[in-house]
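Enquirer: Encoded as structure tokens, here's the structure I'll be asking about.
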Amino acid sequence: MAEIREVVQLGHPLLRTKAQDVENIRDQRIQTLVDDLIATVGQANGVGIAAPQVAEACRLFIVASRPNPRYPNAPTMDATAMINPKILAHSTEVVKGWEGCLSIPGIRGLVPRYQAIEVEYSDRNGKLQKQELTDFVARIFQHELDHLDGIVFLDRLESTLDIVTEQEYQKQFVAAG
């Protein structure tokens with residue numbers, strides 16, 4: 001039975017620590033962590049979550065894009081565990097988009113990210129996957145990968161003018177359509 005984990009908040013030391021590679025993907029502790037992360041991101045209306053956000057210092061995150069109150073226009077995909085992920089190549093095009101973070105509640109930032117990336121990761125069965133991600137899903141991957149390197153989205157902002165509260169974001173960008 002998957003457990004909803006507490007999401008650590010900005011200021012927790014693990015959010016600023018480089019996570020360690022997962023050595024044994026089939027280990028029951030890792031498989032349980034995958035299930036717990038999927039349950040936690042769903043319950044929190046997130047579109048992604050990284051292991052360091054639940055105080056686990058391993059290179060594992062979930063990408064779970066789907067429309068929800070925080071991201072009403074998100075594309076729908078199955079929740080996918082990405083273990084020991086890497087970006088192999090990226091577009092030259094960088095696009096700014098609004099991001100929030102379960103570990104930094106109440107704030108959104110306009111973050112520049114690569115529009116398209118080619119990625120590699122192991123799935124929860126240990127099988128190596130390669131794929132190209134674009135737009136919003138590429139943004140999620142890059143955001144979560146940053147968590148594995150001790151980086152939060154605020155570190156990527158070009159200006160403090162690119163920050164709004166969640167309430168103002170909902171008023172200006174969601175309600176306006």
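Enquirer: Of all residues in segment 21-39, count the ones that are surrounded by 14 or more Cβ atoms within 10 Å (Cβ to Cβ) and over 25 Å from Glu166 (Cβ atoms).
Expert: 7
Enquirer: Moving on. In the list Ala50, Ala55, which residue meets the criterion of being modelled with pLDDT of 95 or more and surrounded by fewer than 21 Cβ atoms within 10 Å (Cβ to Cβ)?
Expert: Selected residue: Ala55, the only one of Ala50, Ala55 that is modelled with pLDDT of 95 or more and surrounded by fewer than 21 Cβ atoms within 10 Å (Cβ to Cβ).
Enquirer: Which one is surrounded by the most Cβ atoms within 10 Å (Cβ to Cβ) among residues in segment 71-94 that are touching an Asp or Glu at 6+ places or on another chain (Cβ under 8 Å) and free of Cβ contacts under 8 Å to residues at least 60 places away in the same chain?
Expert: Ala81
Enquirer: Now, a different point. Lys171 fails exactly one of the following numbered conditions: (1) touching a Leu at 6+ places or on another chain (Cβ under 9 Å); (2) free of Cβ contacts under 8 Å to residues at least 24 places away in the same chain; (3) assigned to a helix (DSSP H, G or I); (4) of a type outside the set (Ser, Thr, Tyr). What is the number of that condition?
Expert: (1)
Enquirer: Being without any contact (Cβ under 8 Å) to a residue 40 or more places away in the chain, exposed (fewer than 14 other Cβ atoms within 10 Å of the Cβ) and of a type outside the set (D, E, K, R) narrows it down to one of Gly42, Gly11, so name that one.
Expert: Checking each option against the conditions leaves just Gly11.
Enquirer: Need a quick list: strands (runs of 3 or more DSSP E) entirely within segment 1-117 having at least 2 residues that are over 14 Å from the mean Cα position of the chain (by Cα).
Expert: Filter on segment 1-117 gives 80-90, 94-101, 104-114.
Enquirer: Could you tell me whether any residue of segment 123-131 is under 16 Å from Leu60 (Cβ atoms), without any contact (Cβ under 8 Å) to a residue 12 or more places away in the chain, open to solvent by 60 Å² or more (accessible area, probe 1.4 Å) and part of a strand (DSSP E or B)?
Expert: Yes, segment 123-131 has at least one match.
Enquirer: Would you confirm whether any residue within segment 156-177 is more than 16 Å from the chain's Cα centre (by Cα) and aromatic (Phe, Trp, Tyr)?
Expert: yes
The values are calculated or read from the model by the stated rules, or taken from the named source; none is laboratory data. Note that the structure is a prediction, hence the values are computed from the model and not measured. For neighbour counting, all protein chains shown are included, and Cβ atoms are generated from backbone atoms with ideal geometry for every residue, glycine included. The protein model used for the area step is the full one, side chains on, heavy atoms only, and it has no ligands, DNA or RNA in it. Shrake-Rupley method; radii C 1.70, N 1.55, O 1.52, S 1.80 Å.
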